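Please read the structure below before turning to the comments.
FYI, it's all coordinate maths here, none of it is from the lab. Here the structure is a predicted model, which means the values were calculated and not measured. Here the Cβ is made from the backbone with ideal geometry for all residues, glycine too, and neighbour counts use every protein chain on show.
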Amino acid sequence: MAKVRVLLDTNIIVDCLGVREPFYELTRRVLLCGRVGEFELWLASSQFTDLIYILSDGGAKDRLSPALSALQGLRSFVNVYPVGTAEIDTMLATRWKDPEDALLFEVAMKVRADAIITRNASDFETTAINIFSCDELFAWL
């Protein structure tokens with residue numbers, strides 16, 4: 001059986017790397033499954049700059065190095081889809097209320113993800129792909 005391929009929403013990474021409760025344990029479990037090869041995890045290249053900004057509290061000097069270090073560790077087992085002009089143009093033409101989520105949906109379709117993992121399923125205006133919370137992902141499996 002092929003590995004489950006999932007695109008991670010930015011909030012999942014922030015919850016795990018930022019140790020945000022009550023979400024930390026489940027997000028950690030998803031990332032651990034990816035680290036040991038049970039899941040194929042994906043992020044869009046554009047998410048990395050967002051994550052640096054969020055995890056470093058806007059680029060605070062004392063938080064930047066730990067944020068970069070955490071993302072380097074993450075990058076060792078997470079695949080990155082290089083967002084390009086086609087995905088940007090599709091996002092800009094969308095009528096979704098959140099363009100970032102529209103972009104993530106486009107990336108999920110490009111990598112043929114089985115699911116997008118998020119805490120905000122209602123932000124994804126589609127039924128073309130499974131949209132799961134961490135709990136729902138494990139129940140689905």
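Adding -39500 (n - 2.57) for every DSSP H run of four residues or longer, then dividing by how many residues the chain holds, sets the calculated 222 nm ellipticity at -15500 deg cm²/dmol. Taking only the Cα atoms of the stretch 43-109, the ratio Rg/Rh comes out at 1.05, with Rh defined as the Kirkwood radius. As a size descriptor, the averaged projected area of the C-alpha convex hull of the chain was calculated at 8.6 nm².
For the chain, the Cβ-based charge dipole about the Cα centre amounts to some 420 debye (Lys, Arg positive; Asp, Glu negative; other atoms uncharged).
Would you mind getting the Kirkwood hydrodynamic radius of the stretch 17-75 from its Cα pairs, rounded to one decimal in Å?
12.3
Using alpha-carbon pairs under 8 Å, 6+ residues apart, how would you state the relative contact order of the chain in percent?
Numbers: 184 pairs, mean separation 39.3, N = 141.
Averaging sequence separation for qualifying contacts and normalising by length gives 28 percent for the chain.
GNM remark for the chain: springs join alpha carbons under 10 Å apart, and the peak mean-square fluctuation among 98, 114, 123 falls on 98. Structural descriptor for the stretch 61-141: relative contact order 19 percent, calculated from alpha carbon pairs under 8 angstrom and at least 6 residues apart.
For residue 97, the lysines whose Cα comes closer than 28 Å to its Cα, not counting residues fewer than 8 places off in the same chain, are 110.
Both radii were evaluated on the Cα set of the stretch 80-141; the Rg over Rh quotient, with Rh as the Kirkwood radius, amounts to 0.98.
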